[in-house]
Amino acid sequence: MDFPVSLTERRILLVIAGGIAAYKSLDLIRRLREKGAAVRCVLTRGGAQFVTPLSVAALCEDRVYDDLFSLTDDNGMSHIRLSREADLVVVAPATADLMAKMAVGLADDLASTVLLASDKPILLAPSMNLYMWKHSATQANLATLEARGLLRVGPGAGDLACGEVGDGRMAEVPEIVAAVERFFGASGPLAGRKALVTSGPTHEPIDPVRFIGNRSSGKQGHAIAGALRRLGAEVTLVSGPVALPDPAGVKVIRVETAAEMLQACLCALPVDLAVCAAAVADWRVAAPAAEKHKKVEGAPPPNLVLEANPDILATLAAAGERRPRLVIGFAAETERLIEHARAKLGRKRCDLILANDVSPATGTFGGDANTVHLVAPDQVQSWPPMSKVEVAERLAAFLAERLSAGAE
Ligand code: CTP
């Protein structure tokens with residue numbers, strides 16, 4: 001299959017920190033620009049020990065940003081503007097020092113302040129000595145940054161500038177370019193495809209301060225949105241209230257109720273595939289109170305009249321001409337998983353159900369692991385227990401294959 005590989009009109013902010021691999025960043029500027037990207041550079045004081053501001057400026061055909069307290073830049077507001085005017089921030093080389101600053105939120109120079117003030121996805125290309133890389137402090141910082149949704153390419157293993165051999169070499173320039181292309185969906189088996197994912201619980205109001213909800217964490221749905229994105233899809237994630245970072249590169253629409261979730265999903269159509277992972281409340285209060293219910297001494301508790309919520313999965317599967325090519329649902333079951341999943345597949349007219357055992361003993365709800373069975377009209381696959389991220393990746397790969405098989 002042929003995928004467009006162009007970064008035309010993509011704006012990349014490249015942060016060059018103080019490591020010997022900074023010399024490769026000069027080539028990175030050229031290769032990204034060759035692909036059509038506009039590249040702007042922030043150079044740290046350490047970075048300027050390895051490459052000169054003049055070389056960087058000449059290669060990106062722009063000035064170099066290196067001073068947090070410049071009196072000539074936007075009244076000192078360039079740290080805000082630089083991130084706002086980029087689509088992706090690439091940190092290459094990402095040194096142990098800069099990663100540590102990012103992990104704790106330090107902002108004592110232009111680069112660290114830009115990164116703290118950034119509202120954009122960030123791709124790290126770490127580069128350092130192997131013992132610095134292996135150090136538990138660096139690994140803890142990395143885990144913190146990845147949990148926040150930062151992307152990473154490398155490091156690789158090999159000869160290091162310090163004379164030692166091992167992990168810590170900055171990824172080679174073509175690998176970094178490929179990671180940037182993957183981010184923008186210019187490559188990957190789902191490039192050019194649109195995906196819709198629902199995630200998290202819904203909250204159905206009882207009155208202005210109370211709601212009916214459930215224990216869904218959104219971890220599985222968010223992981224699926226991220227995995228589809230990493231394979232190149234343009235992803236819209238419609239999420240109920242969750243305490244999770246937005247997956248990198250995904251358009252996130254936040255909703256509270258099932259009615260709002262349905263509305264947001266219908267607005268996201270047309271898409272090639274829809275994965276409904278949200279734990280949508282089956283019922284809502286028919287007439288939520290405009291004012292808070294007050295306890296009145298001796299009076300009976302309020303009588304809540306419930307009505308059914310719309311079924312988002314079934315609505316998408318019955319959307320006629322606007323029906324996504326693949327509609328995928330989840331079935332949370334505590335017994336007779338496959339049998340119930342098959343029944344749900346027919347009832348909701350979807351193409352695939354991922355059935356998972358949510359008995360309290362499994363710890364699936366709110367936990368990081370999941371055991372699922374993929375149930376399609378033509379097959380059942382029982383996957384071994386794995387993390388929700390792995391389930392997401394396996395599902396994304398399965399869906400990519402299904403779509404490309406259908407396209408032939
Ligand atoms: N779903 C939905 N809209 C609803 C209810 C469910 O989109 N109003 C979707 C969920 O996102 C999930 C699947 O439908 O993909 C789950 O179906 P549901 O009928 O709610 O089943 P369970 O809650 O798993 O179980 P039960 O049938 O026992 O209610």
Tell me which residues, restricted to the stretch 44-100, are part of a strand (DSSP E or B), at pLDDT below 95 and in contact with a Ser or Thr (Cβ under 8 Å, 6 or more places away or on another chain).
Tyr65
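Residues are listed down the side, and each one gets a yes or a no for (1) surrounded by 13 or more Cβ atoms within 10 Å (Cβ to Cβ); (2) among the acidic types (Asp, Glu); (3) without any contact (Cβ under 8 Å) to a residue 60 or more places away in the chain; (4) touching a helix residue (DSSP H, G or I) at 6+ places or on another chain (Cβ under 9 Å):
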site: Gly298; (1), (2), (3), (4): no, no, yes, no
site: Asp311; (1), (2), (3), (4): yes, yes, yes, yes
site: Thr315; (1), (2), (3), (4): yes, no, yes, yes
site: Leu352; (1), (2), (3), (4): yes, no, yes, yes
site: Ala355; (1), (2), (3), (4): yes, no, yes, yes
site: Val358; (1), (2), (3), (4): yes, no, yes, no
site: Ala361; (1), (2), (3), (4): no, no, yes, no
site: Val375; (1), (2), (3), (4): yes, no, yes, yes
So which residues in the stretch 194-214 are more than 10 Å from the ligand (Cβ to nearest atom) and hydroxyl-bearing (Ser, Thr, Tyr), if there are any at all?
none
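Given the criteria surrounded by 13 or more Cβ atoms within 10 Å (Cβ to Cβ), under 24 Å from Cys265 (Cβ atoms) and more than 25 Å from the chain's Cα centre (by Cα), does Lys344 qualify? Outline the logic, then answer.
Values: surrounded by 13 or more Cβ atoms within 10 Å (Cβ to Cβ): yes; under 24 Å from Cys265 (Cβ atoms): yes; more than 25 Å from the chain's Cα centre (by Cα): yes.
It is true that Lys344 is surrounded by 13 or more Cβ atoms within 10 Å (Cβ to Cβ), under 24 Å from Cys265 (Cβ atoms) and more than 25 Å from the chain's Cα centre (by Cα).
Suppose we filter Leu106, Leu32 for residues that are closer than 18 Å to Val153 by Cβ, modelled with pLDDT of 95 or more and not basic (Lys, Arg); which single one remains? If you could, list the steps in order and put the result at the bottom.
Details: Leu106 fails: closer than 18 Å to Val153 by Cβ.
The unique qualifying residue is Leu32.
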Step by step: first the residues of the stretch 122-158, then only those that are touching a helix residue (DSSP H, G or I) at 6+ places or on another chain (Cβ under 9 Å) and either polar (S, T, N, Q) or not assigned by TED's automatic domain parsing to the domain that holds Ala92 (or both), then the one that is farthest from Leu244 (Cα to Cα). Which residue is that?
Asn129
Taking the stretch 235-258 and keeping only residues that are more than 10 Å from the ligand (Cβ to nearest atom), crowded, with 16+ Cβ neighbours inside 10 Å and not in a loop (DSSP other than H, G, I, E, B), one is left with Val235, Thr236, Leu237, Val238, Ser239, Val252, Ile253
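Taking the stretch 105-138, which residues are of a type in the set (Lys, Arg) and more than 25 Å from the chain's Cα centre (by Cα)? I'd like the intermediate steps shown before the answer.
Just the residues of the stretch 105-138 that are of a type in the set (Lys, Arg), to begin with: 120, 134.
The answer is Lys134, and nothing else.
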Can you name the condition, by its number, that Gln220 falls short on among (1) surrounded by fewer than 24 Cβ atoms within 10 Å (Cβ to Cβ); (2) over 30 Å from Pro301 (Cβ atoms)?
(1)
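The values are calculated or read from the model by the stated rules, or taken from the named source; none is laboratory data. Predicted model only: the values in this text are computed from it and were never measured. For neighbour counting, all protein chains shown are included, and Cβ atoms are generated from backbone atoms with ideal geometry for every residue, glycine included.
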